[in-house]
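Data first, discussion second: the structure below is written as structure tokens.
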Amino acid sequence: MKNNKVIAACSLSTLSIAMLGASDINRPETEKVYWDTVTKSGQFDGGFLFLPTDSKDQIERGGFAGVTTLVDNGPPANRIDLVFVGDGYRAEDLGDYENHVDNAMVAFFGIEPLQSYLPLFNVHRVDVVSNETGVDNDPVEGITRDTAMNMKFWCSGIERLLCVDTSLAWGYANNVPSTDAILAVANSSMYGGAGYSWADIGTFAGANSSATDVAIHEIGHSLANLADEYTYGGDETYSGPELTARNASIYNASEMEASETKWANWLGESSGPWDGTCNTFEGCNYSTYGIYRPSNNSMMRSLNRPFNQPSAEAFIIEMYRIVDPLDDHTPHGVLNGESDVYITPIDVGHALEIYWYVDDVLLPLDGTTNLQVADLNLLPGTHSLKVTVVDPTDWVRDEVERNAVMKQLVSWAVQIEEAQCPADINGDNTVGIADLLEIIDAWGACGGCSADVNDDSVVNVTDLLLLINAWGPCE
């Protein structure tokens, strides 16, 4: 469930889904803030800098016109709750704001694997009202406007770095019952954006035609912990250590295959909605040489591109660091012979694999979500009942991570009491003629049948004598 999983330490950005929520626990003095721009050839350019952090307090700020839940896919405790907040929209501009958010939604969840895994998200829009239209330094530096969250271009002297008062943004987002990540939308057509690593906020200009592509690119940094795949902005030849990002490596294809590391399982793969054949292409993470990317081009390199296979795999794994395969299940504890057991798998648009075990023996109940302990015909004593639920998607080939974060195990102890009246074969609390007839009908070899009173796999005189000795009402 949410807050019980840890995200791998990586470069985070626009849609960073940190487990701290709105808490100020372990708040750093500064946070890494990414910014991106686009070259004339349609490729990304940008960088990052460190800015002081602001509090993500619990105050619910006024000055908003309401909250609209755009996507409700289930309990917030087991979903990624994404909240849009707008800046520079007066009351009469809220129609534009709605359109800007809707356009972003179409783009965000129109690309795989976000499209297929939309069921893991809830999405909300907070209608924030500003006193003036637009944001600071738009279209030129020096223009100021009175807005709710103080968004501005030319942040730290960088024209395209679109900053926001992160504490104010969290204050408005806190009007939603649960928030994991925030997208702050500026009422502007000027190109720009930013990604706040600790504050879990991304910014973009709502009226800019390329803004949503940049926001998607930033999701790659944040939710999937991906590296930039473009080749400028850093040293010409990369000389650092291996990156933790799944889409960048210092190893070429033969080295990767030999050591079975990084995207070795994807080499040569070209099927699916991804960007080309997976291989090792030199140039990545701001350097031209000494470091490789998985595809010739992708969303982490250029506008209007799909993600590549290792990047998609990274998305799915990181989603499951936040969300569990089960929404609900029978509480842990001790069950008895009359207990009903249920699980509620999360709906991801394809079937999850479900396996049940009694005393570590697999049962022929694949896919079952409800069962009765009585139907298991367990012998008296203590048993273990457990179920595992796993997402089997072939978009993930890292079986270590699948077992670690995409599989959930639930277990119970089951206590079956010794029958107080084993000769009461028909269960009417009386040993009588009906039970005697059961003995006669089952006479002979009878493995596991109810008329085998002494459980020796044969119905014979011994069972008949036990029945006669117990004749009458059961105590």
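The values are calculated or read from the model by the stated rules, or taken from the named source; none is laboratory data. What you are looking at is a predicted structure, and each value in this text was computed from that prediction instead of being measured. Don't worry about glycine lacking a Cβ; one is built from the backbone with ideal geometry, like all the others, and counts go over all protein chains shown.
Results for (1) in the same structural domain as L120 (by TED's automatic domain parsing); (2) touching a Ser or Thr at 6+ places or on another chain (Cβ under 8 Å), shown as yes or no for each residue.
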position: N187; (1), (2): yes, yes
position: S197; (1), (2): yes, yes
position: T203; (1), (2): yes, yes
position: N247; (1), (2): no, yes
position: M256; (1), (2): no, yes
position: A264; (1), (2): no, no
position: C284; (1), (2): no, yes
position: I291; (1), (2): no, yes
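Consider the range 268-286. How many of its residues are at positive phi and surrounded by fewer than 19 Cβ atoms within 10 Å (Cβ to Cβ)?
Residues in the range 268-286 being at positive phi and surrounded by fewer than 19 Cβ atoms within 10 Å (Cβ to Cβ): 3 in total.
Conditions tested, residue by residue: (1) surrounded by 20 or more Cβ atoms within 10 Å (Cβ to Cβ); (2) in contact with a Cys (Cβ under 6 Å, 6 or more places away or on another chain); (3) within 28 Å of R145 (Cβ to Cβ).
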residue	(1), (2), (3)
V85	yes, no, yes
L94	no, no, yes
E98	no, no, yes
L114	yes, no, no
Y117	yes, no, no
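Taking the range 23-35, which residues are buried (at least 18 other Cβ atoms within 10 Å of the Cβ) and at pLDDT below 70? Break it down into steps so the answer makes sense when it comes.
Of the residues in the range 23-35, the ones buried (at least 18 other Cβ atoms within 10 Å of the Cβ) are 31-35.
If the condition is that a residue be buried (at least 18 other Cβ atoms within 10 Å of the Cβ) and at pLDDT below 70, then Y34 is the only one that fits.
Of the residues A413, A351, which is of a type in the set (G, A, S) and either within 24 Å of the chain's Cα centre (by Cα) or at pLDDT below 95 (or both)? Show your work before the answer.
Working: A413 fails: either within 24 Å of the chain's Cα centre (by Cα) or at pLDDT below 95 (or both).
Every option except A351 fails the conditions.
Which fully enclosed strands (runs of 3 or more DSSP E) of the range 294-402 have 2 or more residues being in the same structural domain as A107 (by TED's automatic domain parsing), out of contact with any Leu (no Cβ under 7 Å at 6 or more places or on another chain) and of a type in the set (A, V, I, L, M)?
Working: elements: 326-329, 340-345, 353-358, 370-372, 381-390.
Per the criteria, no element qualifies.
Could you please find all residues in the range 160-173 being assigned to a loop (DSSP other than H, G, I, E, B), modelled with pLDDT of 90 or more and surrounded by fewer than 24 Cβ atoms within 10 Å (Cβ to Cβ)? I'd like the intermediate steps shown before the answer.
Let us first name the residues in the range 160-173 that are assigned to a loop (DSSP other than H, G, I, E, B), namely 160, 162, 164-165.
If we keep only those that are modelled with pLDDT of 90 or more as well, we get 162, 164-165.
Across the range 160-173, the qualifying residue is only D165.
Any residue in the range 346-375 that is more than 21 Å from V396 (Cα to Cα) sitting within a Cβ distance under 9 Å of a residue that is part of a helix (DSSP H, G or I)? List the pairs, counting only those 6 or more apart or interchain.
V358/L376; L363/L376
Among the listed residues N122, N137, N103, which satisfies the condition of being at positive phi and either surrounded by 22 or more Cβ atoms within 10 Å (Cβ to Cβ) or touching a helix residue (DSSP H, G or I) at 6+ places or on another chain (Cβ under 9 Å) (or both)? Show your work before the answer.
On the way: N122 fails: at positive phi; N103 fails: at positive phi.
Exactly one of N122, N137, N103 is at positive phi and either surrounded by 22 or more Cβ atoms within 10 Å (Cβ to Cβ) or touching a helix residue (DSSP H, G or I) at 6+ places or on another chain (Cβ under 9 Å) (or both), namely N137.
For the range 182-191, what are the residues that are at pLDDT 90 or above and not in a strand (DSSP E or B)?
Hits for the range 182-191 are N187, S188, S189, M190.
Working only within the range 211-256, note down all residues that are surrounded by fewer than 15 Cβ atoms within 10 Å (Cβ to Cβ), within 18 Å of Y191 (Cβ to Cβ) and polar (S, T, N, Q).
Correct list: empty.
Looking at (1) in a helix (DSSP H, G or I); (2) at pLDDT 95 or above; (3) under 18 Å from D200 (Cβ atoms), can you tell me which one H124 breaks?
(1)
Could you run through the range 60-82 and say how many residues are assigned to a loop (DSSP other than H, G, I, E, B), surrounded by fewer than 15 Cβ atoms within 10 Å (Cβ to Cβ) and over 19 Å from the mean Cα position of the chain (by Cα)?
Matching residues across the range 60-82 total 3.
Exactly one of these conditions fails for Y289: (1) surrounded by fewer than 23 Cβ atoms within 10 Å (Cβ to Cβ); (2) assigned to a helix (DSSP H, G or I). Give me its number.
Result: Y289 passes all but (2).
Somewhere in the range 437-450, is a residue modelled with pLDDT under 90, loosely packed, with under 13 Cβ neighbours inside 10 Å and part of a loop (DSSP other than H, G, I, E, B)?
yes
Being touching a strand residue (DSSP E or B) at 6+ places or on another chain (Cβ under 9 Å), assigned to a loop (DSSP other than H, G, I, E, B), within 23 Å of R90 (Cβ to Cβ) and in the same structural domain as E98 (by TED's automatic domain parsing) narrows it down to one residue among T133, T147, T179; which is it?
On the way: T133 fails: touching a strand residue (DSSP E or B) at 6+ places or on another chain (Cβ under 9 Å); T179 fails: within 23 Å of R90 (Cβ to Cβ).
Answer to the check: T147.
Can you tell me which residue in the range 192-231 is modelled with the lowest pLDDT, limited to those that are in a strand (DSSP E or B) and either within 15 Å of K32 (Cα to Cα) or within 19 Å of the chain's Cα centre (by Cα) (or both)? Break it down stepwise before answering.
Pass one, the range 192-231, residues in a strand (DSSP E or B): 193-196, 201-205.
From what's left, either within 15 Å of K32 (Cα to Cα) or within 19 Å of the chain's Cα centre (by Cα) (or both): 193-196, 201-203.
Details: G193: 82, A194: 82, G195: 77, Y196: 81, I201: 85, G202: 84, T203: 88.
Top of the filtered list is G195.
Would the range 90-100 turn up any residue that is without any contact (Cβ under 8 Å) to a residue 60 or more places away in the chain and not in a helix (DSSP H, G or I)?
yes
If I filter the range 150-159 down to residues being assigned to a loop (DSSP other than H, G, I, E, B) and not hydroxyl-bearing (S, T, Y), which single residue comes out as farthest from D102 (Cα to Cα)? Spell out how you get there, then give the answer.
Pass one, the range 150-159, residues assigned to a loop (DSSP other than H, G, I, E, B): 150-151, 153-154, 156-157, 159.
Next cut, not hydroxyl-bearing (S, T, Y) only: 150-151, 153-154, 157, 159.
On the way: N150: 23, M151: 20, F153: 23, W154: 27, G157: 31, E159: 26 Å.
Within the range 150-159, the match that is farthest from D102 (Cα to Cα) is G157.
Answer with yes or no whether S209 is within 25 Å of I182 (Cβ to Cβ) and either small (G, A, S) or out of contact with any helix residue (DSSP H, G or I) (no Cβ under 7 Å at 6 or more places or on another chain) (or both). Steps first, please.
Working: within 25 Å of I182 (Cβ to Cβ): yes; either small (G, A, S) or out of contact with any helix residue (DSSP H, G or I) (no Cβ under 7 Å at 6 or more places or on another chain) (or both): yes.
Yes, satisfied.
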